[in-house]
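The values are calculated or read from the model by the stated rules, or taken from the named source; none is laboratory data. Every value quoted in this text rests on a predicted model; they were computed, and no experiment measured them. For neighbour counting, all protein chains shown are included, and Cβ atoms are generated from backbone atoms with ideal geometry for every residue, glycine included. The protein model used for the area step is the full one, side chains on, heavy atoms only, and it has no ligands, DNA or RNA in it. Shrake-Rupley method; radii C 1.70, N 1.55, O 1.52, S 1.80 Å.
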Amino acid sequence: MLIKRVVVLLTTLSLSGCASYIANQITSPERVNFTGNISNYIIEKEVCDEHSHCIQLLSTKRLETDKIKLSFNAQINDTHKIWQYQRNSNNTRSIASTNPSLIFIFTGYTQPTQILFTHLQWLQHITGAKVFVVPSADKSEHFRFGLDLVEPIVTEIQQQSPKKVHLIGFSMGAAAAQAVAAKVKNSQLHLIAPMTDFEYSVKALWKILYHDKFYASLISTDTIEKAIQIIHTESKVSPEELDITQKLQGAEFPVYLYTSNHDRVTLAADWNNTHSKYLKRATYDQLNHIEMVTLLDGDLLRDFVSNLLGREVPKNEVDITGVICNHQDNSCLTRL
């Protein structure tokens with residue numbers, strides 16, 4: 001998820017005036033420590049490719065009971081929403097024994113791990129699959145838009161030989177998710193607000209968040225473009241390698257695409273010329289980028305779960321989807 005940190009780092013130009021400095025700051029690994037009780041449930045799993053290149057995935061222990069309560073809240077512009085999921089019954093819907101599948105969540109750029117870890121527990125609970133969170137591109141020692149994560153994950157999938165593997169790519173995470181899907185059998189690809197053009201996304205965020213700040217005049221478009229060029233050169237990843245709209249042209253595995261016409265960071269229109277009989281696209285009108293990548297919309301959430309489970313999930317099946325409520329809407333929050 002390309003979020004505010006990318007653009008905040010661009011403001012350092014006012015101190016250095018150097019495109020290479022900006023590029024270095026954008027791609028430097030960010031070390032994040034878990035806080036609160038989340039770390040008590042995290043399991044790290046090391047996976048390696050045939051050349052001993054290893055990465056760390058995050059997973060969680062399976063619950064001994066079907067009873068669970070999860071929630072997170074987010075303030076987005078003038079709205080404050082809460083997602084809540086709760087299961088009080090021991091009559092589990094888990095299908096782990098009949099459907100030994102894997103789910104990999106490919107994190108967007110600096111996407112909050114706390115929310116993704118909540119999604120991890122939820123998805124594991126409603127599907128019975130083993131779920132892993134893949135670190136975002138900015139966590140790599142050498143920034144390569146997440147493509148350095150592909151081979152270790154492909155090797156792990158091939159070793160486990162799952163009946164089905166779901167690859168869920170948020171924003172920038174879509175690049176690595178697509179690359180894995182193209183290399184493994186029985187894959188299903190879910191792309192949520194996928195990044196189609198890195199340069200466009202960085203410029204869009206700058207315009208959205210900082211165009212009216214006093215220091216904006218200190219940072220020229222030309223300097224931003226130079227920084228982006230440096231990133232492509234040093235990562236050895238060309239814009240063409242990130243063009244998933246072309247890579248998925250004629251895809252021969254299921255692709256579920258979720259875009260919004262109101263998302264100004266990753267454009268829905270970029271997909272208009274991508275066609276495949278396996279491509280199923282859902283487009284929403286009023287969701288911004290953050291609402292998309294946090295799944296904070298009822299229609300988006302139901303569409304995603306329906307595609308994941310392979311059946312239509314109705315609005316009233318909240319023991320699967322949970323509920324999304326205004327933070328002051330107690331009647332909504334007590335529906336579970």
I want to confirm something. Restricting to the range 277-305 and keeping residues that are modelled with pLDDT of 95 or more and hydroxyl-bearing (S, T, Y), which single residue is most open to solvent (accessible area, probe 1.4 Å)? Y278
Of all residues making up the range 303-317, the number that are free of Cβ contacts under 8 Å to residues at least 40 places away in the same chain and out of contact with any helix residue (DSSP H, G or I) (no Cβ under 6 Å at 6 or more places or on another chain): 7
Return a yes/no flag: does the range 152-160 have any residue that is more than 18 Å from the chain's Cα centre (by Cα), under 22 Å from L309 (Cβ atoms) and either of a type in the set (D, E) or assigned to a helix (DSSP H, G or I) (or both). yes
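Could you tell me whether T118 is open to solvent by 10 Å² or more (accessible area, probe 1.4 Å), of a type in the set (V, I, T), assigned to a loop (DSSP other than H, G, I, E, B) and touching a residue at least 40 places away in the same chain (Cβ under 8 Å)? Working first, answer last.
Values: open to solvent by 10 Å² or more (accessible area, probe 1.4 Å): yes; of a type in the set (V, I, T): yes; assigned to a loop (DSSP other than H, G, I, E, B): no; touching a residue at least 40 places away in the same chain (Cβ under 8 Å): yes.
The answer is no for T118.
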Determine if the range 259-266 includes at least one residue that is buried (at least 22 other Cβ atoms within 10 Å of the Cβ) and touching a strand residue (DSSP E or B) at 6+ places or on another chain (Cβ under 6 Å). yes
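Looking at F145, F132, which one is assigned to a strand (DSSP E or B), open to solvent by less than 10 Å² (accessible area, probe 1.4 Å) and either at pLDDT 90 or above or among the charged types (D, E, K, R) (or both)? It would help to see each step written out before you state the result.
Values: F145 fails: assigned to a strand (DSSP E or B).
Matching residue, one of F145, F132: F132.
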Output for Cβ contacts, cut-off 7 Å, separation at least six or different chains, first residue touching a residue at least 12 places away in the same chain (Cβ under 8 Å) and closer than 17 Å to V255 by Cβ in the range 270-290, second open to solvent by 70 Å² or more (accessible area, probe 1.4 Å) and of a type in the set (S, T, N, Q), reads T274/Q249; H275/Q249; S276/Q249; T283/N261
Exactly one of these conditions fails for K236: (1) surrounded by 14 or more Cβ atoms within 10 Å (Cβ to Cβ); (2) modelled with pLDDT of 95 or more. Give me its number. (1)
